[in-house]
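**Student:** Sharing a structure with you now.
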Amino acid sequence: MKQYTEGETKAERKARKNTNKGCRPLGESITPVSVPAKLPINPSGATRYVVCLKYGNKYSADYVNKLYNMVKRNLTLDYEFVCFTEDATGIDPAIRIEPIPLISGVTGWWYKPMFFNPNLGLKGTVLFFDLDVIIFENVDYLFTFEPNKFCIIRDFNRQFIKNYNKFNSSIFRLDTSMHSEVYTNFMKDPNGPMRRYHGDQDWIRATIPDGGFEYWPIEWIQSYKWEMRGRPNYNKMPRGLRDFETNGDPVILDDTSVAVFHGDPNPHNCKDQWVIDNWS
């Protein structure tokens, strides 16, 4: 495991990580990679998409823009970034916007079954990110791991329950039209699943049978508060505004590339220096 070092600048951390991993020496020129507005088709004939969902006012447009920036820094494969939203105000004009097909009574995370719609309007491989994540290392492998399979996070209760077999839908990947029953069965009666299940991830898990998915390796995607920060106490602010009682440094495994901020704190409320440095 590697420890964030107090007082170390971002440039010094990069230099140390390059030395430790045998990466390009500090100071060697780097050819910048630009992401074109309309990306080419992959040799396989499939297009890669990175998608996100912004509904309502829980997360600002700043969350979309920062996710876009983090993906640009940490994904070298060809892709197109797409935000599904009912309100594109303030979102970077470089981001492709697709409207949410508004469904009576459906809000927030319950729009995630939409990404299983075979008529979504995208054709290829779709990598979904929640807005409340920090991507800080290369994530090419989220596209190349177990091709042609639905991949998702093993829920973070894995820390407390061995072989915990539920989903966390903060990050998942599928080929378009895969497991379309998640969408079609939901649309038959949206209120039914919303009454019976706590959230979209429980509905997705109930719909996709064993053998129809793969979990991402645990080390790749970590819970910021539980796994990287060791479950610190909260301050006395109300839910939704809480931060940790004291600032601290995350413990980062060598293979971790994404930190997930489920529950509190949200990245914009967290005063840990590592979060301030990397959520941008």
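**Student:** Where does the charge balance sit around G56 when Lys and Arg score +1, Asp and Glu -1, over other residues with C-beta under 13 Å from its C-beta?
**Tutor:** Values: positive: K54, K58; negative: E86, D87.
Local net charge: 0.
**Student:** A further question on this structure: What net charge do the residues around P99 carry, taking every other residue with its C-beta under 11 Å from that of P99, with Lys and Arg at +1 and Asp and Glu at -1? Walk me through the numbers before you get to the answer.
**Tutor:** Details: positive: none; negative: E86, D87, E98.
Counting the neighbours of P99, the net charge comes to -3.
**Student:** Taking the Cβ of F156 as the centre, find all other residues whose Cβ is under 10 Å away and add up their charges (Lys, Arg: +1; Asp, Glu: -1). Provide the component values of the computation, followed by the final result.
**Tutor:** Values: positive: R154, R158, K166, K225; negative: D155, E227.
Counting the neighbours of F156, the net charge comes to +2.
**Student:** Treating cross-link reach as a plain straight distance, find the aspartates and glutamates whose alpha-carbon is under 15 Å from the alpha-carbon of K66, omitting any fewer than eight places away in the same chain.
**Tutor:** Answer for K66, where 15 Å is the Cα cut-off: D92, D130, D132, E137, D277, listed by chain and number.
**Student:** Starting at the first residue of region 206-211, write each ³J(HN,Hα) from the Karplus equation 6.51 cos²θ - 1.76 cosθ + 1.60 with θ = phi - 60°, in whole Hz, x for Gly and Pro.
**Tutor:** 5, 8, 8, x, 3, x
**Student:** Quick one: dipole size for region 173-214, taken about the Cα centre, charges +1 on Lys/Arg Cβ and -1 on Asp/Glu Cβ, in debye to the nearest 20.
**Tutor:** Roughly 200 debye, rounded to the nearest 20.
**Student:** Could you give the length gained by full extension between R196 and K271, i.e. 0.36 nm per residue of separation minus their alpha carbon distance, to one decimal place?
**Tutor:** On the way: separation 75, 0.36 × 75 = 27.00 nm, distance 3.66 nm.
Separation in residues times 0.36 nm, less the Cα-Cα distance, equals 23.3 nm.
**Student:** Oh, and also: Have a look at G108, F172, N185 and report the one farthest towards the positive end of the charge dipole of region 38-221, computed about the Cα centre with Cβ charges (Lys/Arg +1, Asp/Glu -1).
**Tutor:** Checking the options against the dipole of region 38-221, the answer is N185.
**Student:** In the structure shown, do any of K236/K271; K54/K149; K72/K149; K54/K166; K112/K188; K112/K166 have a Cα-Cα gap over 18 Å, and if so which?
**Tutor:** Checking Cα-Cα distances, K54/K149; K72/K149; K54/K166 exceed 18 Å.
**Student:** Sort 225-234, 198-207 for me by packing, meaning the mean count of neighbouring Cβ atoms within 10 Å per residue, highest on top.
**Tutor:** Working: 225-234: 16.4, 198-207: 18.7.
Top of the packing list down: 198-207, 225-234.
**Student:** OK, next. How many nm separate the modelled label positions at K123 and N148, each set 7 Å beyond the Cα in the direction of the Cβ?
**Tutor:** 1.9 nm
None of the figures in this text is laboratory data; all of them are computed from the coordinates on show. Computed from a predicted structure; not experimentally measured. No Cβ is skipped: glycine too gets one built from the backbone with ideal geometry, and neighbour counts run over all protein chains shown.
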